[in-house]
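All of the numbers you see were taken from the coordinates with simple rules; none came from a lab. Quick caveat: nothing in here was measured; it's all calculated off a predicted structure. Heads up, the Cβs are rebuilt from the backbone with ideal geometry, glycines too, and the neighbour counts pull from every protein chain shown.
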Amino acid sequence: MVCSEPNKVWDVHYDDGGTLRLDFRYTALMDPFDIHDPDQDPMVAAKAAGSDFSWGHAYSGHFDQTGHYEGELSLRLNALVNAEALSEISEQIGLPELVRAGSDVRNLEGRKRTNLRADALESLIAVLYLDGGLDAARAFIHRYWQPRSQAIGAARRDAKTELQEWAHQAAAGAVPAYRVDGREGPDHDPLFTVSVKVGSFAPAIGSGRSKREAEQAAASALLLREGVWSAA
């Protein structure tokens, strides 16, 4: 790890020779601050007014800082915490079957069902923390997220971002053009069909329960067809 600007910019390069490789830059957007000091953390000041608010022992000696990541780590983290990943883990442990809900909720499809299952998993982690403390929550997260963090495909970026960067190189700076070709189904559960075209390349088509989901599907279809992505 190399710090090119003290407390500001860090470049991290690590490879264990196996499944773990980190290659990213962290850039701070502000100075670090003590989260226990109400003079430095306005949230603590607001919550502590007239109460005994505390972050708890888990954050003892902790300083915080807002910043952003660029590189493989940011892609890998997004792949680990997005709604799709949480929904898959929710299904893996059988959580949807344990949720009490009416038929209108159980029959949700597409993005709404994905978000619902992701929310249920986040709630479960909160319950584990409240009931068993940090150790219980940490053990659960390690069990189900560690294998994913080491997966080869974990750092694949979203299709629209990948397509835009590929188009810039492969089609002389062309910008992907998306078009809604169709919409069917009821208002509460629509199905969109979207096509995307890049320069002189043939368009690709995708569908989804929202325009964004359909655009991602179309972008993914084009990347797969042109060999930018593998089917795996």
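Structure notes:
- Summed residue charge, Cβ within 15 Å of LYS197's Cβ, Lys/Arg positive, Asp/Glu negative: 0
- Its residues counted as N, the range 154-215 yields a C-alpha radius of gyration over 2.2 N^0.38 Å of 1.24.
- Eligible aspartates and glutamates near LYS160 by straight Cα distance, threshold 13 Å, same-chain separation 8 or greater: GLU213, GLU215
- Remark: spin-label model distance ASN107-SER230 equals 4.2 nm, labels positioned 7 Å along the Cα→Cβ axis.
- Sites ARG148 and SER200, calculated FRET efficiency, Cβ-Cβ separation with R0 41 Å, nearest 0.05: 0.60
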